[in-house]
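Each remark here refers to the structure printed beneath this line.
The values are calculated or read from the model by the stated rules, or taken from the named source; none is laboratory data. Remember, it's a predicted structure, so these values are computed and weren't measured experimentally. We place every Cβ from the backbone using ideal geometry, glycine too, and count neighbours over all the protein chains shown. Ligands, DNA and RNA are excluded from the accessible area calculation, which covers all protein heavy atoms including side chains. Shrake-Rupley method; radii C 1.70, N 1.55, O 1.52, S 1.80 Å.
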Amino acid sequence: MSARGYATESEATDTSLSLALAPALTPDGLTASPSFFHGFATEPRAVAQGLVTLADITATRYFQPTPTTMRDPVLTAHGDRLRAEVFSADNSVYARLDLLPSGLDGGEISYGTTNVDIGTTMRRTLAAITRNELLHLDVGADGLTASTPDASAVERPVTMPDRWVRALGNAAELHASLVPRFTIAAAPARAFVASLPPATGSGRDGWLTPTPTGIRVSPRASPDAVHVSGLHRLSGLKRLLTQLQSLTVYGPADGSAGGAAVEVEIPGARLLIALTENATRGYSGEGALLASLASSDVLDNAAILSALLSFDPHIDIGRLAADAALTPADTREALAVLAASGRVGWDMREQAFFHRELPDDPDRVDGDNPRLVRARRIVDAAGVRSDGDTWTVEAATSTHVVRATSADFSCTCVWYARHGSGRGPCAHVLAVMIAEGTAR
């Protein structure tokens, strides 16, 4: 993503909060001075603490705690809500704050995607906002006079890291496999969050297990339990301790150990924290989209869908497929391509994709997925030979055997021996899928 500059700085006073935006992609194209909302926050403390929580998470490297430079959240306005998203500095934690209509009053929410400025000074001011203050919220370049910097304002360039774009795509695919496993009420939710280790902690894993009184962290799986690697990665929730109204835990539908997420309800908003399967792994390297990206028509289908999306807060795949004259399966694969460019995300609560708009880069799919590029080269060189449920795959410097299993494929290469299919298929399996037309 190219650098985008803020025309003003975010600023907060005793009665107003003005969040500066970089130029935004909107339904009308690139807007230099976007305005997404202008009204009152009905729950000032919850809004402020939610934003500070995002700032805390994006400044934290959970695997090797060291100071980092904070990055600005990606903000999308959907007409009915505002969504702010970040990744931790080590890319192993994804967090999203949804500001809902019940938390916003007196203004209309617009449409578009950009970055929102939350600098160090702004973060300190937000942390001091109290529950009973009357807070005017301006999300855009044109705010109240009291909260608009004068001629001394500086323009600060903002660049979204490439790995954030890769991570947004992998996150959408991985999160789509997570379902709600259980929900607990306010009191036990606060007790659980209070017991979490600090962000600097490490080495504590376990199964979050529902009990009649809340959540127990168990060393063994049980019905509805969800495995979490690195409980300290949930520590960002501590800042919202007094705001918690309920807590929902998400995990794989089959109850296996994998990715996990915790979503909390706070007044007028929701905050989701999602974790990779292992605390040492980041979203940007997961490879979750590779199988979908290997389909032969997927790029053309993605171009069709791209023209039909309109900042939907949740995408109706059936309706979108009908509008695009595609099958639901082809639509799902094409959405994976758009996810690879960061242009769609997944809402676990609504079990649906949502649209965010980032600058389009037609070369990103290949640039971010070298295994896919290698697989296509193997196929173009006629390097795949079939023998029923077994294939011989000749790569540039080696030959491997791929076999069909009951659930997937196996391969004799070093990548498969090390990772299995846990980080997406290897280049040789991808080559077989492309050659056989079984990419999905």
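I need a count of the residues in region 377-394 that are part of a helix (DSSP H, G or I) and open to solvent by 60 Å² or more (accessible area, probe 1.4 Å).
Restricting attention to region 377-394, the residues satisfying the condition of being part of a helix (DSSP H, G or I) are 377-380.
Those still in the list that are open to solvent by 60 Å² or more (accessible area, probe 1.4 Å) too: 377, 380.
Adding up the residues that qualify gives 2.
Out of all the residues in region 366-374, is one or more of a type in the set (A, V, I, L, M, F, W, C), part of a helix (DSSP H, G or I), over 22 Å from residue 166 (Cβ atoms) and open to solvent by less than 20 Å² (accessible area, probe 1.4 Å)?
First, the residues of region 366-374 that are of a type in the set (A, V, I, L, M, F, W, C): 372-373.
Now narrow it down to the ones that are part of a helix (DSSP H, G or I): 372-373.
After this cut, where a residue has to be over 22 Å from residue 166 (Cβ atoms) as well, the list is none.
Taking every residue of region 366-374 in turn, none turns out to be of a type in the set (A, V, I, L, M, F, W, C), part of a helix (DSSP H, G or I), over 22 Å from residue 166 (Cβ atoms) and open to solvent by less than 20 Å² (accessible area, probe 1.4 Å).
Go through (1) more than 29 Å from residue 275 (Cβ to Cβ); (2) assigned to a helix (DSSP H, G or I); (3) over 27 Å from the mean Cα position of the chain (by Cα); (4) of a type outside the set (D, E, K, R) for residue 318 and report which single condition fails.
All conditions pass for residue 318, except number (3).
Name the single residue that is surrounded by the fewest Cβ atoms within 10 Å (Cβ to Cβ) among those in region 114-128 being among the charged types (D, E, K, R) and over 19 Å from residue 356 (Cα atoms).
Our first condition is that a residue be among the charged types (D, E, K, R); within region 114-128, this holds for 117, 123-124.
Narrowing the set further to residues that are over 19 Å from residue 356 (Cα atoms) leaves 123-124.
Numbers: 123: 19, 124: 11.
The selected residue is 124.
Restricting to region 414-440, and then to whatever is open to solvent by 50 Å² or more (accessible area, probe 1.4 Å) and assigned to a loop (DSSP other than H, G, I, E, B), can you tell me which residue is modelled with the lowest pLDDT?
Selected residue: 440.
Pull out all pairs, ordered by first then second residue, where Cβ-Cβ is under 7 Å, the residues are six or more apart or on different chains, the first lies in region 26-37 and is touching a residue at least 60 places away in the same chain (Cβ under 8 Å), and the second is surrounded by fewer than 18 Cβ atoms within 10 Å (Cβ to Cβ).
Close Cβ pairs (under 7 Å, with a partner that is surrounded by fewer than 18 Cβ atoms within 10 Å (Cβ to Cβ)) amount to 27/310; 33/7; 33/142; 35/142; 37/107.
Restricting to region 109-142, name every residue that is within 23 Å of the chain's Cα centre (by Cα) and small (Gly, Ala, Ser).
If the condition is that a residue be within 23 Å of the chain's Cα centre (by Cα) and small (Gly, Ala, Ser), then 110, 112, 119, 140 are the ones that fit.
Would you be able to tell me the number of residues in region 302-333 that are more than 23 Å from residue 111 (Cα to Cα) and either β-branched (Val, Ile, Thr) or surrounded by 14 or more Cβ atoms within 10 Å (Cβ to Cβ) (or both)?
6
If a residue has to be within 18 Å of residue 56 (Cβ to Cβ) and loosely packed, with under 14 Cβ neighbours inside 10 Å to count, how many in region 182-214 make the cut? I'd like the intermediate steps shown before the answer.
Residues of region 182-214 within 18 Å of residue 56 (Cβ to Cβ): 193-194, 196-202.
Within this subset, residues satisfying the condition of being loosely packed, with under 14 Cβ neighbours inside 10 Å are 194, 198, 200.
Number of matching residues: 3.
List the residue pairs whose Cβ atoms are under 9 Å apart, where the first residue sits in region 322-334 and is farther than 15 Å from residue 306 by Cβ, the second is open to solvent by 70 Å² or more (accessible area, probe 1.4 Å) and among the small types (Gly, Ala, Ser), and the two are 6 or more positions apart or on different chains.
none
Could you tell me whether any residue of region 331-352 is at pLDDT 90 or above and over 19 Å from residue 83 (Cα atoms)? Before the answer, list the steps.
Of all residues in region 331-352, those at pLDDT 90 or above come to 331, 344-352.
Keeping just the survivors that are over 19 Å from residue 83 (Cα atoms) gives 331.
The answer is yes, given that some residue of region 331-352 is at pLDDT 90 or above and over 19 Å from residue 83 (Cα atoms).
Quick check on region 395-413: of everything there that is among the aliphatic types (A, V, I, L, M) and modelled with pLDDT under 90, which residue is surrounded by the fewest Cβ atoms within 10 Å (Cβ to Cβ)? Reasoning before the result, please.
Going through region 395-413, the residues among the aliphatic types (A, V, I, L, M) turn out to be 395-396, 401-402, 404, 407.
Checking the rest, the ones that are also modelled with pLDDT under 90 come to 395-396, 404, 407.
Working: 395: 17, 396: 9, 404: 16, 407: 6.
My answer is 407.
Given the criteria modelled with pLDDT of 85 or more and either over 18 Å from residue 238 (Cβ atoms) or among the aliphatic types (A, V, I, L, M) (or both), does residue 11 qualify?
On the way: modelled with pLDDT of 85 or more: no; either over 18 Å from residue 238 (Cβ atoms) or among the aliphatic types (A, V, I, L, M) (or both): yes.
Answer is no for this residue.
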